[in-house]
Amino acid sequence: MEMLLNPLVLLANFVLVPGLAYGSQLALGALGVTMVYAVLNFSNFSHGEVMSFGAMITILSTYWLQSIGLSISPLPTALLALPLGILGTIGLCLLLDRLVFRFYRHQRASSVTYLIVSIGVMFVIGGVIRFVIGPNDRNFNDGDRFLLKAREFKEISGLSEGLAIKSSQAITVFTAVIVVTAIFWFLNRTRTGKSMRAYADNQDLALLSGINPDRVVGITWIITAGLAAVLVTQLAQLSVVLSLLFPNYCSLSPTKK
């Protein structure tokens, strides 16, 4: 029996657990990009820098909380700073829509125009981030690193192979399940979610039905910003790289014809 269980534990330790955590991260990132693409009708190449901005706010907030001695040990302090990161990212997205994207939306600009504009926004946000916090890595993991250590698993199971589960992996998977479930429920069960789906399917018909487009767009940006901030906090846990943080998410979005 041990000869069968040891390979399974080895597979779980090096493939299943890391793969599940990484897949959960990709799900949150893809969900944010898809929201903008489906509802606002363009590929947002600045999404990676929006995530970096959320990471910057979370980092600065975490440093501040650590300086005043606030923590939630054994969990990372950055989870306390996450609400501030979400609020900062939401403010950035609403500001960008107000100053940049709203004009092109009212002009019924093409998807290619939106794409070029979002690339310009990406460089501007990236410059601001590097000016404020710099391009280097930031490491501040002050929580317990492992939920289950390999040595503890060996002692409990009596197997020769160990299984280690990081606290960051458990938090990431748990958060992804909660967030994806909440978004699914919101889009399918609430009046606002149905309005967003109707606006995404046919904007003109949605306007004739009395749907407020500004409200739909605002809620879309709020959800996207919240997902971006949550994602970078889960990715960091907490080692954040602020050099064009995951712009490849945006390149996965096709341009509508």
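The values are calculated or read from the model by the stated rules, or taken from the named source; none is laboratory data. Keep in mind it's a predicted model, so treat the numbers as computed, not measured. Because the Cβ atoms are built from the backbone with ideal geometry, glycine has one as well, and the counts that use them run over all protein chains shown.
List of remarks:
- Against the test of being of a type in the set (A, V, I, L, M) and farther than 25 Å from residue 214 by Cβ, the options 90, 86, 59 yield a single qualifying residue, 59.
Okay, residues lined up against (1) surrounded by 15 or more Cβ atoms within 10 Å (Cβ to Cβ); (2) touching a residue at least 12 places away in the same chain (Cβ under 8 Å); (3) under 24 Å from residue 53 (Cα atoms); (4) charged (D, E, K, R):
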| residue | (1), (2), (3), (4) |
| --- | --- |
| 122 | yes, yes, yes, no |
| 129 | yes, yes, yes, no |
| 135 | no, yes, yes, no |
| 154 | yes, no, no, yes |
| 164 | yes, yes, no, no |
| 168 | yes, yes, yes, no |
| 175 | yes, yes, yes, no |
| 178 | no, no, yes, no |
| 184 | no, no, no, no |
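- Options 54, 29: the member that is out of contact with any strand residue (DSSP E or B) (no Cβ under 9 Å at 6 or more places or on another chain), surrounded by 22 or more Cβ atoms within 10 Å (Cβ to Cβ) and at pLDDT below 85: 29
- Every residue from the range 61-117 that is under 19 Å from the mean Cα position of the chain (by Cα) and of a type in the set (Val, Ile, Thr): 62, 77, 86, 89, 90
- Residue in the range 12-26 that is without any contact (Cβ under 8 Å) to a residue 24 or more places away in the chain and touching a strand residue (DSSP E or B) at 6+ places or on another chain (Cβ under 7 Å) present: no
- Of everything in the range 103-115 that is among the hydrophobic types (A, V, I, L, M, F, W, C) and exposed (fewer than 13 other Cβ atoms within 10 Å of the Cβ), the residue that is modelled with the lowest pLDDT is 112.
- Set 162, 193, 143: member being modelled with pLDDT of 85 or more, outside any strand (DSSP E or B), over 22 Å from residue 29 (Cβ atoms) and not aliphatic (A, V, I, L, M): 162
- For residue 36, the conditions (1) within 18 Å of the chain's Cα centre (by Cα); (2) under 28 Å from residue 166 (Cβ atoms); (3) of a type in the set (A, V, I, L, M, F, W, C) are fulfilled apart from (2).
- Residue match in the range 1-21 (condition: of a type in the set (Asp, Glu), over 23 Å from residue 180 (Cβ atoms) and surrounded by fewer than 15 Cβ atoms within 10 Å (Cβ to Cβ)): yes
- Considering residues of the range 204-233 that are polar (S, T, N, Q) and surrounded by fewer than 18 Cβ atoms within 10 Å (Cβ to Cβ) only, the residue farthest from residue 90 (Cα to Cα): 209
- Matching residues in the range 142-183 - criterion: being small (Gly, Ala, Ser) and more than 20 Å from residue 20 (Cα to Cα): 143, 157, 158, 160
- Any chance residue 183 is at pLDDT 90 or above, closer than 30 Å to residue 107 by Cβ and within 19 Å of the chain's Cα centre (by Cα): yes
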